Amino acid sequence: MWRRIVAVVAVVGLALGVGAGPAWADHDTAHTIEQMTAHYRDPGLEVQNRPFALLYLRTTEGMRDANAAGEFSAPEFWDREVIPTFAAYYLDAYAAWERHRLHDVPPAWRIAFRTKPERLTCTQMIYLGISAHINNDLAFMIEEMGPGYTYADHKHVDDVLVFRTRPVVYPEIQRDLCPGLFGETVPPTADVDIFAWRELAWRNGQALLAAPDERARDAIARQIRDHARDQARAILRWHR
């Protein structure tokens, strides 16, 4: 946890041009959205990474609104723990990438961050981020949150993605970043894959929590990272 806090503070300092970020006590969803807004607006953010950055910013805003509407079982827990912690996995990975600390960047994120935009569709760039965040990060976040993170809440995130995020963000991505977005060819299972990945992440998170010892836990973690890497490679091959 301490490594994640330090990395997130560093991201904020770089993005906002200040020497240090706010105290962890202030690290709630509102602060996370400030971080992600600064990240998306950073002129140094690479072309291939901008579509997912916007998607995740709007998704976090949708999660904020759903939580404020009482759609999750423990609003304070989601506001101060779940939403900021999950975002930190992405922001940590990007901060390490930006500093060329590749050993701190999971393989799936390395593939997403370094890809060449001229070789991919915008949809592929978006899905590389989605896949890395779900297939690599989500199980570890579930493990970190422990039993307070329930399956019912996990499943409700699917509804937030479908009804709050998707109708808002894809038209914005098309308008601001990817004019040809809605004309791109997408595999017929692409949307279904997202929810299958989320279900697998739940199972992997429970496996991490139930691991009998550190060796068993590390083996599960390696399988998660390898699967996320393989999914990223599959996305790269969509149109080959």
Checklist entry - List pairs: first in region 110-121 and hydrophobic (A, V, I, L, M, F, W, C), second exposed (fewer than 13 other Cβ atoms within 10 Å of the Cβ) and modelled with pLDDT under 95, Cβ under 7 Å, 6+ apart or cross-chain? => result none
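Out of all the residues in region 97-105, is one or more without any contact (Cβ under 8 Å) to a residue 40 or more places away in the chain, buried (at least 19 other Cβ atoms within 10 Å of the Cβ) and assigned to a helix (DSSP H, G or I)? Walk me through it before giving the result.
In the first step, residues of region 97-105 are kept if they are without any contact (Cβ under 8 Å) to a residue 40 or more places away in the chain; the result is 97, 99-105.
If we keep only those that are buried (at least 19 other Cβ atoms within 10 Å of the Cβ) as well, we get 97, 105.
Of the ones still in play, those that are also assigned to a helix (DSSP H, G or I) are 97.
Yes - at least one qualifying residue is present in region 97-105.
For Thr121, state whether it is among the hydroxyl-bearing types (Ser, Thr, Tyr) and in contact with a Leu (Cβ under 7 Å, 6 or more places away or on another chain). Walk me through it before giving the result.
Working: among the hydroxyl-bearing types (Ser, Thr, Tyr): yes; in contact with a Leu (Cβ under 7 Å, 6 or more places away or on another chain): no.
No, not satisfied.
Listed here are the residues, each with its yes/no results for (1) under 27 Å from Gly148 (Cβ atoms); (2) at pLDDT below 95.
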| residue | (1), (2) |
| --- | --- |
| Gly21 | yes, yes |
| His27 | yes, yes |
| Gln48 | no, no |
| Ala74 | yes, no |
| Glu81 | yes, no |
Checklist entry - Got at least one residue in region 173-185 being within 18 Å of Gln48 (Cα to Cα), under 19 Å from the mean Cα position of the chain (by Cα) and among the polar types (S, T, N, Q)? => result no
Checklist entry - Which residues, taken from region 148-164, are assigned to a helix (DSSP H, G or I), within 29 Å of Ala207 (Cα to Cα) and either among the acidic types (Asp, Glu) or in contact (Cβ under 8 Å) with a residue 60 or more places away in the chain (or both)? => result Gly148, Ala152, Asp153, His156, Val157, Asp158, Asp159, Val160, Leu161
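If a residue must be in contact with a Cys (Cβ under 7 Å, 6 or more places away or on another chain) and surrounded by fewer than 17 Cβ atoms within 10 Å (Cβ to Cβ), how many such residues does region 181-203 contain? Give the derivation first.
Filtering region 181-203 for residues in contact with a Cys (Cβ under 7 Å, 6 or more places away or on another chain) gives 181, 184.
So of that shortlist, the ones also surrounded by fewer than 17 Cβ atoms within 10 Å (Cβ to Cβ) come out as 184.
Going through region 181-203 one residue at a time, the tally reaches 1.
The values are calculated or read from the model by the stated rules, or taken from the named source; none is laboratory data. If you're wondering where the values come from, they're calculated on a predicted model, not measured in any experiment. Cβ sites come from the backbone with ideal geometry, for glycine too, and all protein chains shown count toward neighbours.
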